[in-house]
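Only one structure is covered here, and it is reproduced in the block below.
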């Protein structure tokens, strides 16, 4: 009798322990619900404002946009934003990230802000504005009234979007080549030196006839889905985004038109475009400056986006498969930047619009401020975020580093240091690695070390 009682007790305890283990295991396997918030607001300054190179006299039908997503349910929220501006630098990056982080209840380190780099659009650097005001100068393109307005409205838009965030269960990944849009800007002669620059609109037929050169022909699409319903589509393509510019009319140029065409084709999802590592790429081989080419280039990019969309493969995503990694870097400054302080009162407004942010970046670097290289991992997808105008070699190297995964690259984050060439480019000469770059040939080793770290 005593034996049977103990046996029954043992079985009872065993069943209870087994049931408790099952409950705990099930609780551990339950993942937080992933949600996606979407925001999309006007980023077109009022007529009479200063664009980067000209006073603004009008805006175009599509105008300029600031678009993005907030990922909720994978630790602190992650915010990714793309703006139809030429660049957002230094103190402006800080302020964008601070306000957007507060709105999303996260930290600035989990916010990225990228420009697409259209040239009939504003530039933004609140540090440069302050520098010019302290020198008694008109800030011109750096006047920050509209920057502050956009930042405020972005914060409000993010707060509102989070209140109506929708669940997402899958991400999609697809890519396809884009035909006859990007070409390498730098034409290298037989002596190993840059002999010509194939600008966005190249008038010389002999320069247009040069080979396409090294590019990344692929447009990469990363989409968010709630089961079989698309919510957002993020596209990534590397090239300077100009067909023609300095018109005084704010417009999103051919990437904005391509984005709009795809928005019409897939209306249920918000379409957000990011420029890749396109510092040394333009449409110059395929653009002689004829204004009709804007639509032609847009249709070619949209065609690549469509084919990438048609090839999209879905992957189910749980919160524990999403990671955010950052690696702060301090690039070595070029010696010529110090001379910019003396040039503030002698150079043109266009020169200062192109270069003064480099001086602000140097002062920030000297005070100990670094720039974050960040990477978002979602299952088998990685999105790498880079500053400045990085050469396409960095994008190709990042993809080669993780051939086992789907890697997309966004350039034109913090725009402060300008062009970031690969090491050999600084021995070849040319516009991009001269006064237009605030860094040195050592940038490649520093940047690639950080890229490898966040990709792994």
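The values are calculated or read from the model by the stated rules, or taken from the named source; none is laboratory data. Quick caveat: nothing in here was measured; it's all calculated off a predicted structure. Backbone-built Cβ (ideal geometry, glycine too); neighbour counts: all protein chains shown.
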Self-check item: Residue in the range 230-245 that is surrounded by fewer than 22 Cβ atoms within 10 Å (Cβ to Cβ), out of contact with any strand residue (DSSP E or B) (no Cβ under 9 Å at 6 or more places or on another chain) and not in a loop (DSSP other than H, G, I, E, B) present
Solution: no
Practice problem: Taking the options 98, 65, 110, name whichever one is modelled with pLDDT of 95 or more, within 30 Å of residue 295 (Cβ to Cβ) and in contact with a helix residue (DSSP H, G or I) (Cβ under 9 Å, 6 or more places away or on another chain). | Solution: 65
Quiz prompt | Count - residues of the range 364-384 that are farther than 30 Å from residue 173 by Cα, more than 19 Å from the chain's Cα centre (by Cα) and in contact (Cβ under 8 Å) with a residue 12 or more places away in the chain | solution = 2
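Please work out if residue 390 is under 27 Å from residue 71 (Cα atoms) and touching a residue at least 60 places away in the same chain (Cβ under 8 Å). Break it down into steps so the answer makes sense when it comes.
Numbers: under 27 Å from residue 71 (Cα atoms): yes; touching a residue at least 60 places away in the same chain (Cβ under 8 Å): yes.
Considered against the rule, which asks whether it is under 27 Å from residue 71 (Cα atoms) and touching a residue at least 60 places away in the same chain (Cβ under 8 Å), residue 390 comes out as yes.
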Quiz prompt | residue 17, sole failed condition from (1) surrounded by 15 or more Cβ atoms within 10 Å (Cβ to Cβ); (2) modelled with pLDDT under 95 | solution = (1)
Quiz item: In the range 229-248, which residues are over 17 Å from the mean Cα position of the chain (by Cα) and over 22 Å from residue 203 (Cα atoms)?
Solution: 229, 230, 231
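Given the residues 156, 150, which is the only one that is at pLDDT 95 or above, over 20 Å from the mean Cα position of the chain (by Cα) and farther than 18 Å from residue 388 by Cα?
From the options 156, 150, the qualifying one is 156.
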Self-check item: Residue among 201, 194 that alone is more than 23 Å from the chain's Cα centre (by Cα), in contact (Cβ under 8 Å) with a residue 60 or more places away in the chain and under 22 Å from residue 388 (Cβ atoms)
Solution: 194
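Using the structure shown, decide if residue 115 is touching a strand residue (DSSP E or B) at 6+ places or on another chain (Cβ under 9 Å) and crowded, with 24+ Cβ neighbours inside 10 Å. Talk me through it step by step, then tell me what you get.
Details: touching a strand residue (DSSP E or B) at 6+ places or on another chain (Cβ under 9 Å): yes; crowded, with 24+ Cβ neighbours inside 10 Å: yes.
The answer is yes for residue 115.
Has the range 305-313 got any residue that is within 19 Å of residue 82 (Cα to Cα), surrounded by 17 or more Cβ atoms within 10 Å (Cβ to Cβ) and at pLDDT 95 or above? Explain how you work it out, then say what you get.
Residues of the range 305-313 within 19 Å of residue 82 (Cα to Cα): 305.
Pick out the ones that are also surrounded by 17 or more Cβ atoms within 10 Å (Cβ to Cβ) and you get 305.
Those left that are additionally at pLDDT 95 or above: 305.
Yes, there is a match, as at least one residue in the range 305-313 is within 19 Å of residue 82 (Cα to Cα), surrounded by 17 or more Cβ atoms within 10 Å (Cβ to Cβ) and at pLDDT 95 or above.
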Exercise. Return the only residue of 25, 92 being more than 25 Å from residue 128 (Cα to Cα) and either in contact with a helix residue (DSSP H, G or I) (Cβ under 8 Å, 6 or more places away or on another chain) or at pLDDT below 80 (or both).
Key: 25
Practice problem: Could you check how many residues of the range 118-143 are surrounded by fewer than 24 Cβ atoms within 10 Å (Cβ to Cβ) and under 26 Å from residue 239 (Cα atoms)? | Solution: 1
Quiz item: Looking at (1) under 23 Å from residue 372 (Cβ atoms); (2) in a loop (DSSP other than H, G, I, E, B); (3) free of Cβ contacts under 8 Å to residues at least 24 places away in the same chain, which is the one condition that is false for residue 76?
Solution: (3)
Quiz prompt | Test result for residue 421, crowded, with 19+ Cβ neighbours inside 10 Å, in contact (Cβ under 8 Å) with a residue 40 or more places away in the chain and within 19 Å of residue 333 (Cβ to Cβ) | solution = yes
Exercise. Tell me, yes or no, whether the range 217-228 has at least one residue that is in contact with a strand residue (DSSP E or B) (Cβ under 8 Å, 6 or more places away or on another chain), on the phi > 0 side of the Ramachandran plot and either surrounded by fewer than 18 Cβ atoms within 10 Å (Cβ to Cβ) or outside any loop (DSSP other than H, G, I, E, B) (or both).
Key: yes
Self-check item: Residues satisfying the stated conditions in the range 333-354, i.e. part of a loop (DSSP other than H, G, I, E, B), surrounded by fewer than 14 Cβ atoms within 10 Å (Cβ to Cβ) and in contact (Cβ under 8 Å) with a residue 12 or more places away in the chain
Solution: 345
Quiz prompt | Counted residues, the range 49-66 - those being in contact with a strand residue (DSSP E or B) (Cβ under 7 Å, 6 or more places away or on another chain) and surrounded by fewer than 16 Cβ atoms within 10 Å (Cβ to Cβ) | solution = 3
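Any residue at all in the range 317-332 that is farther than 30 Å from residue 443 by Cβ, out of contact with any helix residue (DSSP H, G or I) (no Cβ under 6 Å at 6 or more places or on another chain), outside any helix (DSSP H, G or I) and in contact (Cβ under 8 Å) with a residue 12 or more places away in the chain?
So the first thing to find is which residues in the range 317-332 are farther than 30 Å from residue 443 by Cβ, and the list is 317-321.
Going one step further and asking which of them are out of contact with any helix residue (DSSP H, G or I) (no Cβ under 6 Å at 6 or more places or on another chain), we end up with 317-321.
Next, only the ones that are outside any helix (DSSP H, G or I) stay: 317-318.
After this cut, where a residue has to be in contact (Cβ under 8 Å) with a residue 12 or more places away in the chain as well, the list is 317-318.
Scanning the range 317-332, I find at least one residue that is farther than 30 Å from residue 443 by Cβ, out of contact with any helix residue (DSSP H, G or I) (no Cβ under 6 Å at 6 or more places or on another chain), outside any helix (DSSP H, G or I) and in contact (Cβ under 8 Å) with a residue 12 or more places away in the chain, so the answer is yes.
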